[in-house]
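Input: a single structure, listed below in structure tokens.
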Amino acid sequence: GAVVSQHPSWVICKSGTSVKIECRSLDFQATTMFWYRQFPKQSLMLMATSNEGSKATYEQGVEKDKFLINHASLTLSTLTVTSAHPEDSSFYICSAPSTSGRALYEQFFGPGTRLTVL
Amino acid sequence: KQEVTQIPAALSVPEGENLVLNCSFTDSAIYNLQWFRQDPGKGLTSLLLIQSSQREQTSGRLNASLDKSSGRSTLYIAASQPGDSATYLCAGFTGNQFYFGTGTSLTVIP
């Protein structure tokens, strides 16, 4: 199957700093990528849809100025958590759907990024 | 808005048992339904994908079925093993968004 990577896998930062998380589709092109966050023992919550070449679409309640998304190419989307605070500590996961082949729109997930804000 | 529910929320079974995980969705207009496995602190691993035109998919000891008319999907795990212990999530794709279920936490006791 297709592979999606995330970097870093774990990051600890001080309150007030910004953190950038990368999501890459390694062996396929992704015009769309999804960003989720997951709190302990809870399911995934969609934050935004990242679109290559255009602005991201944010879900209701997600601050677009705080969670900056850039879809710079067909294989890379970045999520920047600006001025991070302890309440932003969470598990951030990206995904990309396949757009061709037998498993059309099968979604492939990155391994996730654990963010801890001190 | 699509709502996806999974029952049970948690399940504990002895090794070797066959088991069924349930997923129900409120809007039958889904393009496909996907089952995932998530280990603690890890990302999601895709297990099975059922297109809306299909009724079931099988992979090894796993079998997933889809009944769009009733808004239900089931994941059947045969001869469970301790390594199957994980959280299982279902997600329906509507064409522009995936909607995730609440998850079933499975523990297989050796």
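Here, each number is a calculation from the coordinates, and none is a lab measurement. Quick caveat: nothing in here was measured; it's all calculated off a predicted structure. Reconstructed Cβ throughout: ideal geometry from the backbone, glycine too, with neighbour counts over all protein chains shown.
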**Asked** Rounded if a/c is under 1.5, else prolate if a/b is larger than b/c, else oblate: which is chain B, with a ≥ b ≥ c the root eigenvalues of its Cα gyration tensor?
**Response** prolate
**Request:** Report the residue, chosen from B:Asn22, B:Asn96, B:Asn32, that carries the largest GNM mean-square fluctuation when chain B is represented by alpha-carbon nodes joined by springs under 10 Å.
**Result:** B:Asn96
**Taking chain B and dividing mean pair separation by its residue count, relative contact order in percent (alpha carbons under 8 Å, at least six apart)** = 37 percent
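Give me the percent relative contact order of chain A, please, defined on Cα pairs under 8 angstrom at least 6 residues apart.
Values: 295 pairs, mean separation 41.9, N = 118.
Contact order relative to length: 35 percent.
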**Complete:** Within the under-13-Å Cβ sphere about A:Arg37, not counting A:Arg37, Lys/Arg +1 and Asp/Glu -1 give a net charge of -2
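May I ask which of A:Lys64/B:Lys68; A:Lys14/A:Lys55; A:Lys55/B:Lys68; A:Lys20/B:Lys68; A:Lys66/B:Lys68 have a Cα-Cα span longer than 31 Å here? Please report the intermediate quantities before stating the final value.
On the way: A:Lys64/B:Lys68 35 Å; A:Lys14/A:Lys55 28 Å; A:Lys55/B:Lys68 33 Å; A:Lys20/B:Lys68 40 Å; A:Lys66/B:Lys68 38 Å.
Too far apart for the 31 Å limit: A:Lys64/B:Lys68; A:Lys55/B:Lys68; A:Lys20/B:Lys68; A:Lys66/B:Lys68.
Say R0 is 22 Å: what FRET efficiency, to the nearest 0.05, do A:Ser73 and A:Val3 get from their beta-carbon distance?
Values: r = 16 Å, r/R0 = 0.74.
In this case the efficiency is close to 0.85.
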**Fill in**
Expected max-MSF residue from A:Val19, A:Val62, A:Val81 in the GNM of chain A (alpha carbon, under 10 Å) is A:Val62
**Prompt:** Any idea how far apart B:Thr102 and A:Lys41 come out in nm if each label point goes 7 Å out from Cα toward Cβ?
**Reply:** 1.3 nm
**Prompt:** How big is Rg to Rh over chain A, alpha-carbon atoms, Rh as the Kirkwood inverse-mean-distance radius?
**Reply:** 0.96
